[in-house]
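First up is the structure itself, then whatever we jot down about it.
Every read-out reported here was derived from the displayed coordinates using simple, explicitly stated rules and does not represent laboratory data. It should be emphasised that the depicted structure is a prediction, and the values quoted were computed from it without experimental measurement. We place every Cβ from the backbone using ideal geometry, glycine too, and count neighbours over all the protein chains shown.
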């Protein structure tokens, strides 16, 4: 009788686990096969919760200009010390280091004034022309099915494992209930 009890529990537990495992495989395959619908749903959520206007604020942030200033200054130096003298040699005769330093100061000051305004305008144009839903849908649909399956597997691994464990426990409980009903009836 103990052998039948243990065998029944093992079979019931395995059956519950197997059913949950097959369901999780089916669910993942179904998501991959219906990638277009899934991409549309995700794209709709992205469009609803991601505000392109936030991009405008990020682009016009003064910190962005501060990060870019070393590169900008390098290009201004190159322009004033090399390119300007190559393009207009007559100016090269009249401009010294003091003048180029002053011109650089004026350029930098003007850039600091213009940069946030220009970036604000670009951000506004970008946020009005950017169709977040279409962009996300295109990017998700461009992922090959195998890559899309891998992309889904990682975040779904723990919930699927929990579901399979739940199937095992449910199978064990059903086996125990069956054994008790059989034994007492």
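One table, with the values for the structure above:
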{"quantity": "Backbone N under 16 Å from the residue 126 label point (7 Å along Cα→Cβ), restricted to region 37-64", "calculated": "50-64"}
{"quantity": "Packing-based ranking, highest mean first, of 39-46, 93-100 given that Cβ atoms within 10 Å are counted", "calculated": "39-46, 93-100"}
{"quantity": "Label assignment, Kirkwood radius over Cα pairs in Å derived from the structure, set [x] 21.9; [y] 23.1; [z] 17.2", "calculated": "[y]"}
{"quantity": "Per-peptide average of other Cβ atoms within 10 Å, ordering 126-138, 173-185 highest first", "calculated": "126-138, 173-185"}
{"quantity": "Computed lengthening from residue 78 to residue 99, 0.36 nm per intervening residue step minus Cα-Cα distance", "calculated": "6.1 nm"}
{"quantity": "On Cα atoms only, tilt of 145-184 relative to the major axis of the chain in degrees", "calculated": "20 degrees"}
{"quantity": "The chain: calculated mean residue ellipticity at 222 nm from DSSP helix runs of at least 4, using -39500 (n - 2.57)", "calculated": "-30500 deg cm²/dmol"}
